[in-house]
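A short write-up of the structure that comes next.
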Amino acid sequence: MAMNHVAALKGLIGETNVLQDDIDKYKNDWLHSYSGGGVVCLPRSTEEVSSLLSYCNKHFIGVVPQGGNTGLVGGGIGRNDSEVILSLEKLNKIVELDPDSAVLVCEAGCVREALDSYAAERDYTVPLDLGSKGSCMIGGNIGTNAGGLRVLRYGSLHHF
């Protein structure tokens, strides 16, 4: 990726939130079957995501959103080193659990296990249960309509 684009991305979301070195954990899938992506961006807010996507769209730069990178089909991996990997890991705030509607509001980078712990402390259950619950993120779970170990009882994420 051209240095002028990297500098612009750093200006949008902060220098420490744009990575180019030591990014193997983002560039490679869990099975090491796929590899790609030249820059990793770690936005901290929806406003930063929006500005990042606007910039990349204007300059025809491919963007690959990535949650916990626990998928087995390479969906969160870039196809080449000119694409930006948009990691959700800093978008991990739990906003609230509304007891009247039983709706849990959170950001896309929340780790599934953290959501389960938060809900359990309030006597609720997150129906989704995955083997990767300690590292997968709810945004990726929603994006893939995950089912998990309790899918027969509760259905996939689309159902709840």
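Only one entry of 95, 126, 84 meets the criterion of being open to solvent by less than 70 Å² (accessible area, probe 1.4 Å), touching a strand residue (DSSP E or B) at 6+ places or on another chain (Cβ under 9 Å), closer than 30 Å to residue 14 by Cα and not basic (Lys, Arg), and that entry is 84.
Among residues that are within 18 Å of residue 135 (Cα to Cα) and either assigned to a strand (DSSP E or B) or without any contact (Cβ under 8 Å) to a residue 40 or more places away in the chain (or both), residue 85 is included. Scanning region 132-151 for residues that are under 12 Å from residue 109 (Cβ atoms) and in contact with a Ser or Thr (Cβ under 7 Å, 6 or more places away or on another chain), we see that the one that is least open to solvent (accessible area, probe 1.4 Å) is 136. Can you find a residue that is under 17 Å from residue 70 (Cβ atoms), open to solvent by 70 Å² or more (accessible area, probe 1.4 Å) and touching a residue at least 40 places away in the same chain (Cβ under 8 Å) anywhere in region 12-25? Yes; the residues of region 12-25 include at least one that is under 17 Å from residue 70 (Cβ atoms), open to solvent by 70 Å² or more (accessible area, probe 1.4 Å) and touching a residue at least 40 places away in the same chain (Cβ under 8 Å).
Number of residues in region 35-62 that are surrounded by fewer than 18 Cβ atoms within 10 Å (Cβ to Cβ), touching a residue at least 12 places away in the same chain (Cβ under 8 Å) and not in a helix (DSSP H, G or I): the value is 5.
Annotation: of all residues in region 98-123 being in contact (Cβ under 8 Å) with a residue 12 or more places away in the chain and among the aliphatic types (A, V, I, L, M), the one that is surrounded by the fewest Cβ atoms within 10 Å (Cβ to Cβ) is 102. Could you list all residues from region 28-45 that are of a type outside the set (A, V, I, L, M, F, W, C) and modelled with pLDDT under 95? Listed by number, the residues that qualify are 28, 29, 32, 33, 34, 35, 36, 37, 38. Within region 3-34, the residues that satisfy the criterion of being part of a loop (DSSP other than H, G, I, E, B) and over 17 Å from the mean Cα position of the chain (by Cα) are 14, 20, 21, 22, 31, 32, 33, 34.
The values are calculated or read from the model by the stated rules, or taken from the named source; none is laboratory data. Bear in mind that the values here come from a model prediction, so they are computed numbers and not experimental data. Every residue, glycine as well, gets a Cβ built from its backbone with ideal geometry; the counts of neighbours run over all protein chains shown. The protein model used for the area step is the full one, side chains on, heavy atoms only, and it has no ligands, DNA or RNA in it. Shrake-Rupley method; radii C 1.70, N 1.55, O 1.52, S 1.80 Å.
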